[in-house]
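**Student:** Please see the structure below; I have some questions.
The values are calculated or read from the model by the stated rules, or taken from the named source; none is laboratory data. The structure presented is a predicted model; accordingly, all values stated were derived computationally and were not measured. Note: ideal-geometry Cβ built from the backbone for every residue, glycine included; neighbour counts use all protein chains shown. Ligands, DNA and RNA are excluded from the accessible area calculation, which covers all protein heavy atoms including side chains. Shrake-Rupley method; radii C 1.70, N 1.55, O 1.52, S 1.80 Å.
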Amino acid sequence: TEPSPLAHEILSARPYAFLDDAPLEERRTRAVQMRRTLDYSSADELGKLDAAAIEMVRQQAAPQAQNADELHDALLLSGFLAEQEHPGWEPLFQELAAAARAARLRIAGGEGQFALWVAAERKPRFDAVFPGAVYQPPISAPPREQAQAWTREQALVEIVRGRMEILGPVTDAAVADSLRIPTADVLSALAALEKEGFVLRGHFSGTKQMEWCDRRLLARIHRATLDRLRKEIEPAAAGDFLRFLLAWQHADPEHRVDGPLGLSAVIGMLQGFEVPAAAWESAVLPARMTRYDPAWLDQLCLSGEWVWLRLFPPADSNGRPSGAHRASPITLLLREQMESWLVLAAPAWAGRNGQSLGASALQVLEYLDARGACFFQEIVSGAGLLRTEVEGALRELIAAGRVTGDGFAGLRALAIAPDKTLGTSQQKHKDGRPGILPTLPPTAGRWSALSRKPQALPARAAELDLVELTARELLARYGVVFFSLLAHEAGLPPWRELLHCFRRLEARGEIRGGRFVAGFPGEQYALPEAVQQLRAIRRKAPAGHFVTLSAADPLNLAGILTPGRKIVAIASNRVLYRDGIPIAAREGGELVDLHPSAGDLRSEIKLRLAK
């Protein structure tokens, strides 16, 4: 998604150090994009393990001995034990030394003598590392151990292997100090173990020094860290979770946004979700903003940041072409991610597309494929069609998901409110013939054909992790994601693939897993900031806020997260929430009670659902 930090010096070079023919303005644009790279301190914090989990695993991995036999097993497992590590085990060691099963190996280094407890079976390895070493009392290895010849490097690898099995995350200097040998020798042994996959290196404790850890112990620390994070979270009730969703998506009056930047943030949460064309500006976007100006949406689309289109194809219409209208599903996408979303929708396009096109629509599509993006007047003159024919053709292509426009005004003029936008000349004659269509508003911009065939899409888009793209978008939309929540999402990858992606993101430390919402089975995952906001909303007493949403809104979760009937996702239907609980709805012009408290609020319900 952005240049590697290693490429910054090249990409930000002076103009005379050019690599291509791109103008200076484009270079400055890329330089701005590069600033999004994580700094090194932030990158080091990702996946940081819990200190309490590390200490717990260290205590679990440390050898335990209640008698001489258990101490002997510990010496065989760990390779050796330092004398000062377990002073209370001296009587047990003396019992082993009396039986010639272990001995004390004294090493010169540091302050005075340094003693190691070594089992008789491990004596050949220490003889290879410390030639001429003296054992007190003298011991000899069993014949089967004496048969193998050890080089110093091989012996040191096995000694360090045993040591790593009982330590947890540790620096190479600490391992070298326990044996009183050069750190370079220990680093060589650790590198050999790393090549085998036995140990891993990293900043596990959050320190600047490189640490090494046994793979098995590291996996146990990861599990303990995740378990601790999950236990911190108390599941919220469905009502509290719905209150959180209203705040998370800015539909709650206290959390609404304003201005073009706020509008862009709202669209970023909703991209990929198809909403009836007329509902975007009449219900969905205004419900999340203190005030809404259609010019802001035109500005975001004309700037190239966002693009509108019909993402998922229509069902088979029995060969009859149909045009876009107010109820046609439309989604908004980041233009830079449009190709990836088209790849994601390609299976649905191949399996469901039965939409036939009229002669005029095919002619316009061929013209756009050959010429690229064109203004409306260019299409009229170049395709050799009347304005009315081009209008009808564009409606068909919009409904089939084959074209998009630079500005949202083009969709607004053709499908959402053509009579209001284009003027009185749009009205039909008495005999049903359409009147002469005027030119579309200037903010409509150009029209472009969409390539929906997978083989025609760029290879770089097909190589992206589309499952991770979907998973991150779902997390941005809902904050907390679980299977039951996705009942009205279309075109998603299988849940099992999303689940693998969520687990991978949790292992990286980017998201958290656990039981966030009570009453729903299966695994649940959430963004860290969503967990904090959900916890804060759960502790906050309900304020009696009413929120009215269109049934086509993504937050129409009545009957999905709450018991009772579902409300059909039509833009004209309405759902009324009070403190996150759906209490009533207007469906087909009739009021529907969704909660027992609806009877006590009849006048308030009628007033709010009538708007």
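**Student:** I'd like the Karplus ³J(HN,Hα) series for segment 245-261: coefficients 6.51, -1.76, 1.60, θ = phi - 60°, whole numbers in Hz, and an x wherever there's a Gly or Pro.
**Tutor:** Result, rounded to whole Hz: 4, 4, 6, 4, 8, 6, 7, 6, x, 7, 10, 6, 10, 8, x, x, 5.
**Student:** Accessible surface of residue 289 in the full protein assembly, 1.4 angstrom probe, to the nearest 10 Å²?
**Tutor:** The accessible area comes out at roughly 0 Å².
**Student:** Hey, another quick one. Based solely on C-alpha atoms, express the radius of gyration and the Dmax of segment 567-611 in angstrom.
**Tutor:** 9.6, 27
**Student:** I would also like to ask the following. How do 404, 171 rank by accessible surface area computed with a 1.4 Å probe, from largest to smallest?
**Tutor:** Listed by decreasing accessible area, they come as 171, 404.
**Student:** Net charge near residue 83, counting Lys/Arg +1 and Asp/Glu -1 over other residues with Cβ under 12 Å of its Cβ?
**Tutor:** 0
**Student:** In terms of solvent-accessible area of protein heavy atoms at a 1.4 angstrom probe, what is the ranking of 540, 123, highest value first?
**Tutor:** Ranked from most to least accessible, the order is 540, 123.
**Student:** By how many nm would the segment from residue 208 to residue 66 grow when fully extended, if each residue of separation counts as 0.36 nm and the alpha-carbon distance is taken off?
**Tutor:** Extra length available between residue 208 and residue 66 comes to 47.4 nm.
**Student:** Moving to a separate point now. Let me spell out the model: positive unit charges on the Cβ of Lys and Arg, negative unit charges on the Cβ of Asp and Glu, origin at the Cα centre of segment 120-212. What dipole size does that give, in debye rounded to 20?
**Tutor:** Charge dipole, segment 120-212, about its Cα centre: 80 debye, nearest 20.
**Student:** Report the relative contact order of segment 124-182, percent, no decimals, based on alpha-carbon pairs under 8 angstrom and at least 6 residues apart.
**Tutor:** 39
**Student:** Excluding residue 577 itself, what net charge comes from residues whose Cβ is under 11 Å from its Cβ, given Lys and Arg +1 and Asp and Glu -1?
**Tutor:** Every neighbour counted, the sum reads +1.
**Student:** For residue 570 and residue 593, FRET efficiency with R0 = 22 Å and r from the beta-carbon atoms, rounded to 0.05?
**Tutor:** Once the sixth-power term is evaluated, E becomes 0.70.
**Student:** Give me the extension gain from residue 322 to residue 560: residue separation times 0.36 nm, minus the current Cα-Cα distance, reported in nm with one decimal.
**Tutor:** 82.5 nm
**Student:** If you don't mind, another one. Describe numerically, in nm with one decimal, the distance between label points set 7 Å from Cα along Cα→Cβ at residue 536 and at residue 607.
**Tutor:** According to this spin-label approximation, the distance is 3.1 nm.
**Student:** Between beta-carbons, use under 13 Å as the cut-off and find the net charge around residue 483, counting Lys and Arg +1, Asp and Glu -1.
**Tutor:** -2
**Student:** OK, next. Given an 8 Å cut-off on Cα distances and at least 6 residues of separation, report the relative contact order of segment 186-317 as a percent.
**Tutor:** The value is 16 percent.
**Student:** Related question: Using 0.36 nm per residue, how much length does the chain from residue 371 to residue 171 gain when fully extended, once their Cα-Cα distance is taken away?
**Tutor:** 65.7 nm
**Student:** When you have a sec, figure out the Kirkwood radius of segment 123-225 from all distinct Cα pair distances and drop it here in Å to one decimal?
**Tutor:** Kirkwood radius, segment 123-225: 14.8 Å.
**Student:** For residue 386 and residue 492, what does the FRET efficiency come to when R0 = 41 Å and r is the distance between their Cβ atoms, rounded to the nearest 0.05?
**Tutor:** 0.50
**Student:** Continuing with the same structure: Expressed as a rounded percentage, what relative contact order does segment 517-605 have, with Cα pairs under 8 Å and six or more residues apart?
**Tutor:** It rounds to 19 percent for segment 517-605.
**Student:** Which of the GluC sites (Glu not before Pro) across segment 105-185 are loop residues per DSSP, with 11 or fewer other Cβ within 10 Å?
**Tutor:** 111
**Student:** Okay, next question. In terms of solvent-accessible area of protein heavy atoms at a 1.4 angstrom probe, what is the ranking of 367, 525, highest value first?
**Tutor:** Result of the area sort, largest leading: 367, 525.
**Student:** Would you grab the residues whose amide H sits under 5 Å from the one on residue 480? Only those 5+ places off in sequence or on another chain, please, with H modelled 1.01 Å from N.
**Tutor:** Counting only residues 5 or more places away or on other chains, the set is empty.
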